[in-house]
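What follows is a set of notes on a single structure, which appears directly below.
The values are calculated or read from the model by the stated rules, or taken from the named source; none is laboratory data. In this text the structure is predicted, and so the values were computed from the model without any measurement. Using ideal geometry, Cβ is built from the backbone for each residue, glycine included, and neighbour counts are taken over all protein chains shown. Ligands, DNA and RNA are excluded from the accessible area calculation, which covers all protein heavy atoms including side chains. Shrake-Rupley method; radii C 1.70, N 1.55, O 1.52, S 1.80 Å.
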Amino acid sequence: MDKLYGDDLRVGTVYRFGRHEVTHDELVEFAQKWDPQDFHSDAEAADDGAYDGLIASGVHTMAINQRLSVEAMYRHWHVIAGRSVDVRFLRPVRVGDVLSGQGEIMRIDHEPDRRRAFVAVERTLTNQTGRQVLAVSTTLYVHLAPTSGDQLRSRAAP
């Protein structure tokens, strides 16, 4: 599949994510390395805590969301870079949860003078019962398709 340019993207397009099961080992290993709070990394302490057991770090949940987003959308676009991320953690992610979701293009502003498009995407992550665990608003820049003049200049460049 050819990668999509900003000109190819359409507001309202929905991209369905694949699935990811959160295992005990993954949850604890991530937490021990990146967010070693007891309710993420110590099952015994977590059992006596506010969440009645281990929960995934929000950073871990974001990493899963990013991976699923890249696989479903961003890997297929001519992405330049991200610009902003607004995150809402809606409920805890637990061992055994199977996460999936979707991303929807909400806005596209073409910037032809800079050969890019500003793209706003709403992403959601849900668990196996269909309950949302995460909502993310992201903005990023995507290359516009090269024009014939761009192609001539790039061929002439050393």
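Summary of values
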| item | result |
| --- | --- |
| Carbon and sulfur %, accessible surface of the stretch 76-145 computed with the full protein complex present, 1.4 Å | 49 |
| J(HN,Hα) series, the stretch 36-42, from Karplus relation 6.51 cos²θ - 1.76 cosθ + 1.60, nearest Hz, glycine and proline x | x, 7, 3, 6, 9, 10, 10 |
| Surface accessible to a 1.4 Å probe, I55 within the full protein complex, Å² | 10 |
| Full-extension gain in nm, Q37 to L90, via 0.36 nm per residue minus C-alpha separation | 17.2 nm |
| Heavy-atom accessible area ranking, 1.4 Å probe, most first, across K33, K3 | K33, K3 |
| From the coordinates shown, P(r) over Cα pairs in 10 Å bins from 0, in percent corresponds to which of (i) 11, 34, 26, 17, 9, 3, 1; (ii) 9, 24, 16, 15, 15, 13, 7, 2; (iii) 9, 29, 33, 19, 8, 2, 0 | (i) |
| Distance between the stretch 99-146 and the stretch 31-85 - C-alpha centres, whole angstrom | 18 |
| Cα-based helix-to-principal-axis angle, 24-34 vs the chain, degrees rounded to 10 | 70 |
| Shape of the stretch 41-124, Cα gyration tensor, a/c cut at 1.5 | prolate |
| The chain, accessible area per residue, ligands and nucleic acids excluded (1.4 Å, Å²) | 58 |
| Listed residues S137, S57 arranged by accessible area, highest first, probe 1.4 Å | S137, S57 |
| For the stretch 57-70, 3J(HN,Hα) per residue [Karplus equation, 6.51 cos²θ - 1.76 cosθ + 1.60, θ = phi - 60°, Hz, x = Gly/Pro] | 4, x, 5, 5, 4, 5, 5, 5, 4, 5, 4, 5, 5, 5 |
| Mean Cα-pair separation over length for the stretch 1-151, i.e. relative contact order, pairs under 8 Å, 6 or more apart, % | 30 |
| Electrostatic dipole magnitude of the chain [Cβ: Lys, Arg +1; Asp, Glu -1; Cα centre; debye, to 20] | 1040 |
| Cut-off under 5 Å, modelled amide H: who pairs with V93 long-range | A56 |
